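Here the structure is laid out as structure tokens; the discussion comes afterwards.
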Ligand SMILES: [Zn+2]
């Protein structure tokens with residue numbers, strides 16, 4: 001289980017029967033500030049360009065894609081073949097109120113949009129199900145990762161069979177937060193080890209990769225079952241970054257499917 005860069009995307013590899021990837025901003029048709037592989041309809045880019053970019057980014061075809069609304073909460077749902085196409089061609093039909101998608105169906109591609117928030121990929125060791133989560137600081141604190149693991153275990157799968165890939169997101173090098181974020185992070189973890197001093201006494205640099213890893217470990221996922229890429233979307237110019245690009249920018253996509 002490892003992260004591998006290939007053809008302008010990062011692939012989370014090593015689980016048989018599962019394909020998972022995270023796009024960069026490279027290789028699309030969009031014009032500034034959405035240059036070039038913006039995959040979101042919700043940021044002001046031309047919808048036809050977004051469609052073309054999505055067709056390029058998802059070789060399995062948009063008819064298999066399922067997208068969620070992503071509201072910085074912690075709701076997770078099992079979805080399936082009947083939901084195929086939701087949010088794929090236009091944003092109105094995205095599955096509402098969800099920041100996590102899980103599926104057992106092989107003919108489905110789960111997708112989410114990112115530009116700094118943490119993409120958390122989930123898969124069964126035997127490839128029987130897959131999932132993807134969107135975790136900014138709010139979703140991290142609200143426990144979107146705990147909710148997903150609980151749903152997986154409730155469905156009868158073994159905790160020990162869960163594999164996790166944490167993809168590109170804003171790193172502790174660039175993600176400065178204030179007390180509004182620092183306090184809940186400390187409360188959830190029970191310590192401040194993912195926070196470093198920031199520019200002054202009222203700011204901290206937060207490591208959201210490690211925060212999510214530690215929460216997953218605290219609910220029983222062994223560290224060797226979690227692959228953290230540790231690449232910062234703000235440092236690296238090949239990614240869109242909501243913070244670095246002053247909020248008007250495109251979105252990468254995280255996608256996972258059974259094969
Ligand atoms: Zn950085």
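Quick notes on this structure:
- Residue list for the stretch 185-206, filter: surrounded by 16 or more Cβ atoms within 10 Å (Cβ to Cβ), under 24 Å from the mean Cα position of the chain (by Cα) and closer than 17 Å to residue 170 by Cα: 185, 194, 195, 204, 205, 206
- So residue 128, is it farther than 13 Å from residue 212 by Cβ, out of contact with any strand residue (DSSP E or B) (no Cβ under 6 Å at 6 or more places or on another chain) and outside any strand (DSSP E or B): yes
- Filter result for the condition that a residue is assigned to a loop (DSSP other than H, G, I, E, B), touching a helix residue (DSSP H, G or I) at 6+ places or on another chain (Cβ under 8 Å) and surrounded by fewer than 21 Cβ atoms within 10 Å (Cβ to Cβ), over 230, 238: 230
- Test: residue in the stretch 238-250 that is farther than 30 Å from residue 27 by Cβ and within 15 Å of the ligand (Cβ to nearest atom): no
- Filter result for residue 200 (away from the ligand (no atom under 13 Å from the Cβ) and either out of contact with any helix residue (DSSP H, G or I) (no Cβ under 8 Å at 6 or more places or on another chain) or under 30 Å from residue 53 (Cα atoms) (or both)): yes
- Subset of the stretch 213-234 that is farther than 25 Å from residue 16 by Cα and under 18 Å from the mean Cα position of the chain (by Cα) - its residue that is farthest from the ligand (Cβ to nearest atom): 215
- Per-region count, the stretch 48-61, residues closer than 22 Å to residue 240 by Cα, without any contact (Cβ under 8 Å) to a residue 60 or more places away in the chain and either part of a loop (DSSP other than H, G, I, E, B) or in contact with a helix residue (DSSP H, G or I) (Cβ under 9 Å, 6 or more places away or on another chain) (or both): 3
- Close pairs (7 angstrom Cβ cut-off, 6 or more residues apart or separate chains): on the phi > 0 side of the Ramachandran plot in the stretch 221-243, within 13 Å of the ligand (Cβ to nearest atom) and outside any loop (DSSP other than H, G, I, E, B) anywhere: 230/209
- Every residue from the stretch 151-172 that is touching a residue at least 24 places away in the same chain (Cβ under 8 Å) and either within 10 Å of the ligand (Cβ to nearest atom) or in a loop (DSSP other than H, G, I, E, B) (or both): 155, 157, 167, 168, 169, 170, 171, 172
- Some residue of the stretch 203-211 being modelled with pLDDT of 95 or more, within 15 Å of the ligand (Cβ to nearest atom) and part of a loop (DSSP other than H, G, I, E, B): yes
- One residue from 167, 156, 198, 143 being in contact with a strand residue (DSSP E or B) (Cβ under 9 Å, 6 or more places away or on another chain) and within 27 Å of residue 98 (Cβ to Cβ): 167
- Residue under evaluation residue 175, criteria (1) more than 20 Å from the chain's Cα centre (by Cα); (2) within 16 Å of the ligand (Cβ to nearest atom), criterion not met: (1)
The values are calculated or read from the model by the stated rules, or taken from the named source; none is laboratory data. Predicted, not measured: the structure shown is a model, and the values here were computed from it. Counting neighbours? That spans all protein chains shown, and the Cβs are built from the backbone with ideal geometry, glycine included.
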